[in-house]
Each structure stands twice: as structure tokens, then as C-alpha cells.
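A short worksheet on the structure shown next.
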Amino acid sequence: MGEKKKGGCCGWIIVLIVAAAAAAAIVVFVMKKHNGSSPDAAPVPGPPGSPEKKYADALKTAMQFFDIQKSGKLVNNKISWRGDSAVKDGSQAKLDLSKGMYDAGDHMKFNFPMAYTATVLSWAILEYGDQMKVVNQLEPAQDSLKWITDYLINSHPKDDVLYIQVGDPDADHKCWDRPEDMTEARPLIQINASVPGTEVAAETAAAMAAASLVFKSSKSAYSSDLLKHAKQLFTFADKYRGSYSENIPEVATYYNSTGYGDELLWAASWLYHATGDQTYYDYATGENADSFGNFGNPTWFSWDNKLAGTQVLLSRVSFFNSKGTSNSDTLQEYRKTAEAVICGLLPKSPTATSSRTDSGLIWVSEWNALQHPVASAFLAVLYSDYMLTSRTAKITCNGDAYTPSDLRKFAISQADYVLGDNPAKMSYLVGYGDNYPQYVHHRGASIPEDANTGCKDGWKYLDSTEPNPNVATGALVGGPFLNETYIDSRNNSMQGEPTTYNSAVIVGLLSGLVTTSSVVQSFT
């Protein structure tokens, strides 16, 4: 009897073990079915951890360049050598276009790259605002964004009219003066139904849609106004299709567009996130995706080409809320192409791009070389966090598997290179570290604050052998040549001129790295 009881007990134990194993198998199966998650995936990130000093310091530094580039009547000015400037911009059209930001080392307002700056800065805030907040940079980021979007709102006085440029670049570049001392004319250029500029209108729509999400909880009326303009501009961009640099040839010298299809998809994707309106999703995943998506062909993310950014942004839908969405096959094409972009960046991937220096920096162009590696690294850290939050264990590149930590490692490599881990041992972020460029190609930084110069007599400061009297703190300069050399000369605009759109991508990247991986939150 005793032996029988013992045998029955063991049998029940075996039954329980088998049942538990079966239950575990079901759980594993369900996890695999849910957004591609895997039991092998790393844990979902928690709230931001302790900040990493290197990236926290670099982020605080990078954020300051937005203040340096501000036009108009400055409020709570934090830059001792900057003052009010261009306060009458737009007056000939009875508009206040005094705000916004100067494009680079000059005093032009080019709306195409400025709107891209606002879109990327919004994206960084939306994804990593919690991390920015840990190091007290969220409010400065929002303030800088609003300085641009205030200007963009005023640039759009009618549904089918958008002012896209303030200043004459030929006249502007014949002067070397401080923005506070400008005397040259500030003409305006607009697009309209007769002279369309789809890419600028669509990029501005994207910027306003993304920014509307940033301000949705804190400034609801302002957010609604931004969204209204975004919708109007998207309709304008799509209804009156035409390239701005073909219709206004003089703009092609500085920011020539290679096409507007990417901006239409980008704007529709942001409007879908901002509104939840299925028609914007259908726009981005329907016939326009066939026309402009260029699936299977990875591209570089930049002020001119938004495809890689769109692919990563729509991958967010695929990772987190694709249930019940139409055109799911097209959505997967976006995600596959996003992963092809990422695979090209990873140095050990079978499909790794050869466009990099011997030390591993992504390198595409000798003009403003750093914009591509920093923008690429920003996309990589975003995708890594999407994978972590959705418990996606890996992506596959021609049969080889890579984890979120591999993507983050690549992003860190590019950030560290910029911050001084490079053959020149130079920080390309001005004001960070002990060795950074002293002769930045930037008018305001190169002229003493108390100098009394006009348009022409300021050229002596361009030619001076003395370092800049004012530090353009936070400026991300153009960067090294392919052989990893850098010539620190004020006349070397190819390598030494910073831009606001460089600032947007470096702020995004550093915000993603400033603490441990961030759990991805819903935009809405």
C-alpha cells in the first residue's frame, strides 16, 4: 500500500511538470507572436537611470548652440556676446519673421533645413524627453524648438503661401559682420500655388505635426495651432506638387533638393502620429509608398533625404501598434528597409557600408562630414530602443543576427568619435573637452563683442590669425576628411562651419545615450 501511494504521488508530480512545461511553451509562443518578441530578448528598459557624465556634459554643451543661433529680440539671453538682431525681418510683408535661427556661420534663414531641425529636435524630445529631464535639458530643448516653430507659424500667413527664406545669400556672404550689426537688405522668398515648393511645405508640415505632440500636454492651444498649420501645409504640398529648387533656381546653390517624395511620406507619417487619422497612414503606405518609398535601397538620413527617418518612424508603428492597420505588407517593407539601413551601419554586418574612415566613422561627404554619422547613430539608438521595448531579440543582416546592444554600441562609437576618441584626439563639439576647434567659421564668434564694424571692414576678423574671441559653445563643426585630418582655419568652411541641423541630430543622439536605454512611450 505504502509503495502504491509513493508511485501515485510521483505520477502526479510528472503530470504537473508536463502541464507546466506545456503552459510555458504556450507563453513562449504567445510572446513570439506579439510584435516579434522573444524569450531571448533583453529585459524591457525601466525609467532613466543615473546619467553618464560624458554624455550629460556633452548634451548640455550641444544645446547651447541653439541659443547662439537665435534671431530676433532675445528673451532670457544666456549668451553674453549675442544680442537682438534681425528684429524687422518680414516687415515688408507685414509679418513678424524676426524669430527662427540662423542657418550656420552666416545670417541666412533657410526654412528647408530649419524645418528639418525642428522635426528632428521634436523627435528627440518625444523619444528622450525623460532622459533630457534627468540632466535639466528638456526645458531648454522645448524653448529652442518653440523659437523655431513661432517663426514657422508666422511664415505661413495663408493656406497656400509659405515664406521659405529670409535674406539674400549673395549679399549676406559679401559681408563679415555680427548679426546685431547687419545693415544689408533682408528680402523674402515665398512659395505659393503658382510657384510651389512641395519639399519645403511638406517638411514644415512635418515639423509642426511633430512639435504639436511635444506641446500637446503643456501648451494645448499652441499645439492645436501647430497641428492646424501642419494639416494645411500638407494639403498645400500635395495639391501643388513641384520642387522648390526647380521653381526658384537661386535656392539650389545652397540647399538644392533632390526630390520631394520623401518629404511627403515623412510629413504624412508625422501627421498620422500626431492625429491618429488613418488617412495619413494610408497616404504613407498606399500608392505614394509605391511611388516614393524606394524600398530595399538604404539611404542616408539628412536635411535633403528623409526616407531613412520615415522608415524608422513607421517601424515604430510596426513594433508597437500595427494591430488592425491596413497595408500591413507595405508597413513591413518600411521596417525591412529600416533594418537594411541599420545593417549597413553595423561595422561587422555582411552588408556593412564601406563609407567610413579607418577608425570607423561613417563618412559620406567632405562637406559637413559629421552630419551623416551622427544622424545615422541617432536612428540606430532609436531602433535599438524600439527593439528593447518590444522585446525583439535581434535583427538579421544576410543571415547574421544583431542585438539591440550591437546597435547601441555602434551609436556610442560615433558619439565617442565626435567627442574626441579619434586619431586627431579632437572634440568636434565646440566647448566640450580640452581640445576643440578654435577657429570656427562663424561670424558672430569671430568678431569681438565690442567691435564696431560694418559689412566690409569686418573681413579682417575672418583673416585674423587669432582664435575666435567668442566660443561658439555647442557648435558641431563639419568634421574630418576621409583621412581623419582636420584643418582648424576660419577660412575652412568645408570642415569648420557648424549648422543648426547638425545640432539637432547630435542633441538627439546624446539624449539617447545620456542614461540607460529608454523605454519607448506612446506619442499620444
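The values are calculated or read from the model by the stated rules, or taken from the named source; none is laboratory data. This is a predicted model, so every value here is computed, not measured. Every residue, glycine among them, receives a Cβ derived from its backbone with ideal geometry; neighbour counts consider all protein chains shown. Heads up: the accessible areas ignore ligands, DNA and RNA and are worked out on the full protein's heavy atoms, side chains in. Shrake-Rupley method; radii C 1.70, N 1.55, O 1.52, S 1.80 Å.
Within segment 410-459, which residues are of a type in the set (D, E, K, R) and either outside any loop (DSSP other than H, G, I, E, B) or over 19 Å from H107 (Cβ atoms) (or both)? Residues satisfying the conditions are D416, D421, K425, D434, R443, D450. Can you confirm whether segment 503-514 contains a residue that is open to solvent by 10 Å² or more (accessible area, probe 1.4 Å) and at pLDDT 95 or above? No, that holds for no residue.
Out of L510, L462, report the one residue that is closer than 29 Å to V135 by Cβ and not in a loop (DSSP other than H, G, I, E, B). Talk me through it step by step, then tell me what you get.
Values: L462 fails: closer than 29 Å to V135 by Cβ.
When all the criteria are applied, what remains is L510.
From the list Q142, Q92, the lone residue that is assigned to a helix (DSSP H, G or I), over 30 Å from L265 (Cβ atoms) and in contact (Cβ under 8 Å) with a residue 24 or more places away in the chain is Q92. The sole residue among V200, V195 that is farther than 22 Å from G129 by Cα and open to solvent by 10 Å² or more (accessible area, probe 1.4 Å) is V195.
Screening S365 against (1) under 19 Å from the mean Cα position of the chain (by Cα); (2) in contact (Cβ under 8 Å) with a residue 40 or more places away in the chain leaves a single unmet condition, (2). The residue pairs whose first member lies in segment 32-53 and is closer than 23 Å to L331 by Cα and open to solvent by 100 Å² or more (accessible area, probe 1.4 Å), whose second member is part of a loop (DSSP other than H, G, I, E, B) and modelled with pLDDT under 85, and whose beta carbons are closer than 7 Å, counting only pairs six or more residues apart or on different chains, are K32/S38.
Return yes or no: is T473 more than 23 Å from I79 (Cα to Cα), hydroxyl-bearing (S, T, Y) and surrounded by fewer than 24 Cβ atoms within 10 Å (Cβ to Cβ)? Let's see the steps before the verdict.
Numbers: more than 23 Å from I79 (Cα to Cα): no; hydroxyl-bearing (S, T, Y): yes; surrounded by fewer than 24 Cβ atoms within 10 Å (Cβ to Cβ): yes.
So T473 fails the test.
Return a yes/no flag: does segment 447-460 have any residue that is in contact with an Asp or Glu (Cβ under 7 Å, 6 or more places away or on another chain) and either under 22 Å from P373 (Cβ atoms) or polar (S, T, N, Q) (or both). Yes, some residue in segment 447-460 is in contact with an Asp or Glu (Cβ under 7 Å, 6 or more places away or on another chain) and either under 22 Å from P373 (Cβ atoms) or polar (S, T, N, Q) (or both).
Taking the conditions exactly as written (over 21 Å from A86 (Cβ atoms), at pLDDT 95 or above and open to solvent by 10 Å² or more (accessible area, probe 1.4 Å)), does P437 satisfy them or not? Walk me through it before giving the result.
Values: over 21 Å from A86 (Cβ atoms): yes; at pLDDT 95 or above: yes; open to solvent by 10 Å² or more (accessible area, probe 1.4 Å): no.
Considered against the rule, which asks whether it is over 21 Å from A86 (Cβ atoms), at pLDDT 95 or above and open to solvent by 10 Å² or more (accessible area, probe 1.4 Å), P437 comes out as no.
Based on this model, can you work out whether M114 counts as in a helix (DSSP H, G or I), open to solvent by less than 20 Å² (accessible area, probe 1.4 Å) and more than 22 Å from A267 (Cβ to Cβ)? No: the conditions fail for M114. For segment 149-179, the set of residues classified as part of a loop (DSSP other than H, G, I, E, B) and either open to solvent by 50 Å² or more (accessible area, probe 1.4 Å) or among the aromatic types (F, W, Y) (or both) consists of P157, D159, D160, D168, H173, K174, W176, listed by residue number. If only residues of segment 263-293 that are surrounded by fewer than 18 Cβ atoms within 10 Å (Cβ to Cβ) and not β-branched (V, I, T) are counted, the one that is nearest to V120 (Cα to Cα) is G276. Please list, ordered by first then second residue, the pairs with beta carbon atoms under 7 Å, 6 or more apart or interchain, first in segment 216-243 and over 15 Å from A202 (Cβ atoms), second open to solvent by 70 Å² or more (accessible area, probe 1.4 Å). Correct list of pairs: S223/K216.
Go through segment 480-494 and report how many residues are within 13 Å of Y439 (Cα to Cα), in a loop (DSSP other than H, G, I, E, B) and out of contact with any Ser or Thr (no Cβ under 8 Å at 6 or more places or on another chain). First the steps, then the outcome.
Of the residues in segment 480-494, the ones within 13 Å of Y439 (Cα to Cα) are 486-494.
Narrowing further to those that are in a loop (DSSP other than H, G, I, E, B): 486-492.
Applying the additional criterion that residues be out of contact with any Ser or Thr (no Cβ under 8 Å at 6 or more places or on another chain) yields 486-489, 491-492.
Result for segment 480-494: 6.
Residue by residue, here is whether (1) under 19 Å from Q142 (Cβ atoms); (2) at pLDDT 95 or above holds:
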position: V44; (1), (2): no, no
position: S50; (1), (2): no, no
position: K53; (1), (2): no, yes
position: A56; (1), (2): yes, yes
position: L59; (1), (2): yes, yes
position: A62; (1), (2): yes, yes
position: Q69; (1), (2): yes, yes
position: L74; (1), (2): yes, yes
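Within segment 437-459, residues that are in contact (Cβ under 8 Å) with a residue 60 or more places away in the chain reach partners that are surrounded by fewer than 23 Cβ atoms within 10 Å (Cβ to Cβ) and basic (K, R) with beta carbons closer than 9 Å, at six or more positions or on different chains, in the pairs G444/R82; E449/R82; T453/K460; C455/K174; K456/K174.
Identify the residue in segment 70-82 that is farther than 18 Å from G167 by Cβ and not hydrophobic (A, V, I, L, M, F, W, C) and, among all such residues, is most open to solvent (accessible area, probe 1.4 Å). Explain how you work it out, then say what you get.
First pass over segment 70-82, keeping only residues farther than 18 Å from G167 by Cβ: 74-81.
From what is left, the residues that are not hydrophobic (A, V, I, L, M, F, W, C) are 76-78, 80.
Working: N76: 125, N77: 70, K78: 140, S80: 94 Å².
Only one residue tops the list, namely K78.
For segment 180-190, check the following and say yes or no: at least one residue is modelled with pLDDT of 95 or more and buried (at least 24 other Cβ atoms within 10 Å of the Cβ). No, because not a single residue in segment 180-190 is modelled with pLDDT of 95 or more and buried (at least 24 other Cβ atoms within 10 Å of the Cβ). Taken over segment 440-470, the criterion of being of a type in the set (A, V, I, L, M, F, W, C) and open to solvent by less than 10 Å² (accessible area, probe 1.4 Å) is satisfied by V440, A445, I447.
Taking the criterion of being among the charged types (D, E, K, R) and buried (at least 24 other Cβ atoms within 10 Å of the Cβ), would at least one residue in segment 90-106 satisfy it?
Step one: list which residues in segment 90-106 are among the charged types (D, E, K, R), which gives 94, 96, 99, 103, 106.
If we keep only those that are buried (at least 24 other Cβ atoms within 10 Å of the Cβ) too, we end up with 99, 103.
Taking every residue of segment 90-106 in turn, at least one turns out to be among the charged types (D, E, K, R) and buried (at least 24 other Cβ atoms within 10 Å of the Cβ).
Within the set K216, K239, K228, the sole residue that is open to solvent by 50 Å² or more (accessible area, probe 1.4 Å), under 22 Å from the mean Cα position of the chain (by Cα) and basic (K, R) turns out to be K216.
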